[in-house]
1. Can you work out which of the residues in the range 210-243 that are without any contact (Cβ under 8 Å) to a residue 12 or more places away in the chain and farther than 16 Å from H334 by Cβ is farthest from the chain's Cα centre (by Cα)?
2. If A305 meets every condition in (1) in contact with a strand residue (DSSP E or B) (Cβ under 9 Å, 6 or more places away or on another chain); (2) of a type in the set (G, A, S); (3) under 25 Å from E215 (Cβ atoms) apart from one, which number is that one?
3. Checking Y156 against (1) within 30 Å of S323 (Cα to Cα); (2) hydroxyl-bearing (S, T, Y); (3) modelled with pLDDT under 90: exactly one of these is not met. Which one?
4. What's the number of the condition L376 fails, among (1) in a helix (DSSP H, G or I); (2) crowded, with 18+ Cβ neighbours inside 10 Å?
5. For I430, all conditions in the list (1) surrounded by 19 or more Cβ atoms within 10 Å (Cβ to Cβ); (2) under 25 Å from the mean Cα position of the chain (by Cα) hold save one; what is the number of the exception?
6. Sort through V391, V412 and tell me the only one that's of a type in the set (V, I, T), closer than 28 Å to T452 by Cβ and not assigned by TED's automatic domain parsing to the domain that holds G284.
7. Scan the range 315-333 residue by residue and report those that are surrounded by fewer than 19 Cβ atoms within 10 Å (Cβ to Cβ), at pLDDT 90 or above and in a loop (DSSP other than H, G, I, E, B).
8. Picking from Q442, Q472, which residue would you name as being out of contact with any Gly (no Cβ under 6 Å at 6 or more places or on another chain), more than 25 Å from E407 (Cα to Cα) and modelled with pLDDT of 80 or more?
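The values are calculated or read from the model by the stated rules, or taken from the named source; none is laboratory data. Here the structure is a predicted model, which is why all the values come from computation and not from measurement. All Cβ positions, glycine included, derive from the backbone under ideal geometry; neighbour counts span all protein chains shown.
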Amino acid sequence: MAEQTETLSSTATTATTTTTTSSTPLKTMVVIGGGYSGLSFIQSIREIEKQEKQYKIILITREDFCSRPNLFFRFKFLQWHSKHLDYFGGIHLNGENNSFITKYGVDQVLFNTSVFDINNVEQVIKYKTVGSDDEISLHYDTLCLCIGGKAHVVNYPTEVSNEKSVIGLNREQLIVNFGEIQSQISNYLYIRNIEQVEYIHQLMKQLYDYYESNENNLDHNRIVIIGSGTLSIDIVSHIIEGYEAIEKLLNGEASAQPSKQTIEEVWSIKNTNILPKITIIGRGKHLGKSLLRDEAACDMILKLAKEKYGKYLDIQLETQVESILYSDVNNLAHSVKTSNGIIPCSLIVQAVGVNSETSLATKCLDASLGVNGGILVDEHFQIHTNNSTIVPNIYCIGDCAEITTQEGKTNVWKNWTSAREQASACAHHILSKKNSKLFFSQTPKFFGLHITCLGEYDSTDSNLQTIVIDEQIQKNIYMKFLFNTIGEQYQLIGALIIGPNMNEYKLGLNFLQLLKEHVYLPKAIINNTQLLALNFNINYWSKLMSLVKARKKDTPFETPEEIEKLLSELTAASEKKATPAVNPLAKKKFVNPLEKKKQAAASSTSSPSSNDTVHMLNISHKQKMSSLRNLIIFLSIAILVAVLLPSALAHNTQESSSSSTPSSSGEEVQKKNYNDDPSFTFDPHPFRYIFTDFFKCDGNVTAIRTFLVVLLSTAKTKEAKLALVAKQKDRFLDLLINSSEELKTQPQRVEEHKKEFEKLTELIFSVELETGKVCQYVYDTVFTYDQTKLGRKVVNSMEEYKKAVEEEQERKKKKIEEL
């Protein structure tokens, strides 16, 4: 271990020495905890320092690696080997992939190490490494505690039962001591780390393998989750999502699962009827009340879960757990005794919350604890002691810290978005003495619904103006906004936004921006809900924010002229154009509905016209600039098309000898270029929409890889694809490498990308595209294969596109019926 630490230290120091221009000796900053708050704190420190490095950073973690959430990501990919899955989105400090250490100049990382003493007078900590009795002292100038939390465990009674023990589980094959709540009951546990997640996956596979050949009695083929709050729903939602994906795979539908040709399968699932069922037990009346704090929202999610996922999920609320029943033959739990009866099962997971980790601070620093059980800190994240003093040079953030909120209360924000906010605010205070206001935000996804909780969304202050929008609650869309009113002005202080697609999520991001800007909005906007109509029109949000930022802070829109101008610009987004008479028999070129919505949002305040050409000419200067920027982005893609597409089209032209002369008909041109199937149409619009998102997100490598799939999809036969790759392989690899600054500095990764290229092309060759399935094929092979932040963004983009297509088809159908 010592040798490994030295190697990491040397590498990190070498990588950052060249960026240090100051001759002043570096101070030592020690960060205890390698979770999301600790890594975000290090990242914020280095980003604020920029080129002037002030601190030598030493990271200490009890784990043997560090990563980002999501912890339950594994349950979405039940069939695949975990080595292919990235639980946390890409930050692994141990092993070969330690780019975080290099990028952010972490001078030393101590894995498998626990701090047991802090002397704040001498500014020294003492630690031990697993497997060693040596106590090592380390001096610090600044210390940050990011020690997170631990599972909250309820000690329910256990009873030995004469009932036959669980047949499906083989105790000899189980790994013990992974979060066991009761000693030696190996299938009754909690989840706090990846090992426990993998362990539960192992239990689920054992159950499936057993019941695959014993389907007569499935009573015990069940997982019981104790708890009905955020943690419980998070676990269950991921498992259900994994079940759904397997169903789609077996039915030949689109599924967010990797291809079997590109990833190792460890669990072959052929029958979803014998996947373990799930029962949620909650003592409260509502599902998810601990987060949502809104009964209507809770009821909506409960209704969705029961109606859509009833095949796999049973929810028992207002139910008390009385005891855990287990067999003394093999010490395995087999049932849960509740106030409503006995529930047979083979796995029990407690998910009743998380407690802040406070023992180190209370023992060594006499830290004061808040009413919510966290380490009490001031507005600068410095620790309060029981003697009403502040511990100098020591800071505390994340799940372990109890902070003071905007309304003057103290709370512990136990989620990754808040951890990031605290890390940034604490780093700014340490380096620049700049104080930042904290705004609560949490954005989970439960049962397919995007949930955004902002600010004081749960406030019960009767003096606040509360606006609830529940007209579309049957479509699982629910919004609640809280405003502080000053005369005719509304100041946003909190919001709860729930919806099934990215539009509600984007709306939440924009309201978070309004919250942080601390601005006032005219009552006329709020009452007419014009502001809420902008969820599809992000360009208008940019316009609104530019108006807001141009004003002095805390100054309302006062004059009637200002309000009228703002309203006229925002109202234009919701105006409907007159629809001319439609001939249902006429053939029209398909227009991407998302593009149609963007065009409507880009319209000026001129009166609606049936002439689209004239209508699109009436665009403001700012909108022209926005259109120009989008045009430049699209032209970048066009250049790539110009480089690579001719070969594919030429080859297809040779195959389609009957189409030697270009036709004036768009459909006929597509027949010529793509194949001789008269019903086949290739719609490039979603790809233009997606590429625009790619380049905005600085995702050039993924964009080019995706472009390869789109390009090769234009060649139907395997021979055409092979000819195209043979001609363009080297050029494509050059484009891939030159588009990535990371690859330029790490030549060793070029070979990895070459192998990836070969694997991807082989995957494409193995699939004969069905008629009209190009968009769906690209969605299946690339967007969901890449489980990165960017990949998830594109998945959501495609879902939005597919939804828009369905809406457009429904609209056309109704129009034809009317005619």
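1. N216
2. Just one mismatch for A305, condition (3).
3. For Y156, the failing item is (3).
4. It is condition (1) that L376 fails.
5. (2)
6. V412
7. Answer for the range 315-333, where residues must be surrounded by fewer than 19 Cβ atoms within 10 Å (Cβ to Cβ), at pLDDT 90 or above and in a loop (DSSP other than H, G, I, E, B): L317, E318, Q320.
8. None of the other options fit; the residue is Q472.
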